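Encoded as structure tokens, the structure appears first; notes follow it.
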Ligand code: COA
């Protein structure tokens, strides 16, 4: 990323440059254009514009009822603090750790929705957007900035906003694909120079390694992969080193993908959608991953209404979707955004990819999770979902469920067969209890 330069350092001269220069301002002045009751879209994931958000929060005492729409964001979300509740009302499509307390305390709202459909909510005006806060790469010689590590729903929000305010961060990777915004589309620009926040993957535990190995047994040579969010997808990647000719079509990428590309396991040669390319909407990982996607024509960034469209996904031969869950009941209903009454995360692209993979030629939709939670005290396979839990993936959609104890193939199976198959991959300490609770079902 060392070749990017800010305006103060540039030797390039183009017709866009004067325009860009006029738009350059300070953080304080840039956010001064935001008014009470405006609807703001915040650039997602690791591209959340931290310095603009800090400047906005400083204006809290003079603002009232500003609506903030966001996906997951890395970094602070001080606008969601209790003391700013009158100034900012947060509406989140995915609950990250920085807004989880606010959502569960009732100060912030959760919007359950498929990632593929969020851009449409903005474009249709169902969710009106007044202001878009971005963090982009410095402009190239033609005046194009890149949306960097997150493209997903941001283009749709930017198109509808009457005011577009951008941090132009020298350290934001210049990602390629449908990833560009011309400086003529920006209203106010603040040049910054700070690291993009990282999400460092934890080393997989022995249980996660066993799950990774069971999932890997389902991944065929020539498959196109989607990997969801959480500890399991990363453990799966570490088990794929002996596969051949894999491809990637995924809403997100994490660090583990880079190892497989460098080892020649991921070639993208057998892909039938965007062949030869790793296709994504956002990346979240360490600087190694951010450096990898910088100016890299191998990685094609596209919007989430394209990448996550189940029809597009289903055009990939051997599409294999690997996602995680918090709880699965014995009929196959998948709880992935709630733990009982606790609102935990979001739909993201889980259902988009489960449906797309299920309809792909030789596709596979896999839900992988540890058999227990809280140090083995709670079974994640249960007769019934906890009171308050919501279903993300329905039992008609689910095909494979994997734990450290094996693989349950549920598609086309009766409720009774599903209960047997899922109990077989539950932790041995809980099997008797699950069977006892199942006896209350008439079909068991
Ligand atoms: N009962 C009680 N607690 C539970 C539980 C259960 N059934 N299941 C999980 N937990 C606890 C865990 O113990 C952990 O707590 P800890 O942090 O105190 O250890 C916490 O909840 C998180 O669970 P974990 O399994 O570690 O989460 P993860 O980071 O691996 O993510 C999902 C798993 C399901 C939350 C994540 O994949 C997700 O958000 N999925 C939905 C969206 C999706 O799949 N999108 C596709 C790609 S973005």
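No lab work stands behind these numbers, since they all come straight from the coordinates. Everything quoted here is computed from the prediction, not taken from an experiment. Cβ coordinates were reconstructed from backbone atoms using ideal geometry, including for glycine residues, and neighbour counts include every protein chain displayed.
A compact table of results
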item: Rounded to 5, the percent of DSSP beta bridges in the chain classed as antiparallel; result: 25
item: Compactness index (Cα Rg / 2.2 N^0.38 Å), segment 89-228; result: 1.30
item: Helix-derived mean residue ellipticity, 222 nm - over the chain, DSSP H n ≥ 4, -39500 (n - 2.57), to 500; result: -6500 deg cm²/dmol
item: Convex hull projection area averaged over all views, segment 336-397, Cα basis, nm²; result: 4.8
item: Computed over the chain, the ratio Rg/Rh where both radii use C-alpha atoms and Rh is Kirkwood; result: 0.99
item: Residue order, fewest to most surrounding Cβ atoms within 10 angstrom, among 150, 36; result: 36, 150
item: Shape parameters for segment 123-178, alpha-carbon atoms, Rg then Dmax in Å; result: 11.8, 36
item: Percent RCO, i.e. relative contact order, over the chain, from Cα pairs under 8 Å lying at least 6 residues apart; result: 13
item: 0 to 90° range, to nearest 10: angle between helix 415-424 axis and the chain longest Cα axis; result: 80
item: Relative packing of peptides 245-255, 347-357 - highest average C-beta neighbours within 10 Å first; result: 347-357, 245-255
item: Percent of C-alpha pairs per 10 Å bin, segment 7-192, short to long; result: 10, 39, 36, 13, 2, 0
item: Residue with peak Gaussian network fluctuation, the chain [Cα springs, cutoff 10 Å], from 155, 339, 95; result: 339
item: Reciprocal mean inverse distance between Cα atoms of segment 267-381 - Kirkwood radius, Å; result: 16.0
item: Residues 404, 18, sorted so that the one with the fewest Cβ neighbours within 10 Å comes first; result: 18, 404
item: Per-bin percent of Cα-Cα distances, segment 206-438 [5 Å]; result: 1, 7, 15, 19, 20, 16, 10, 7, 3, 1, 0, 0
item: Ranked list, fewest to most other Cβ atoms within 10 Å of each Cβ, for 372, 414; result: 414, 372
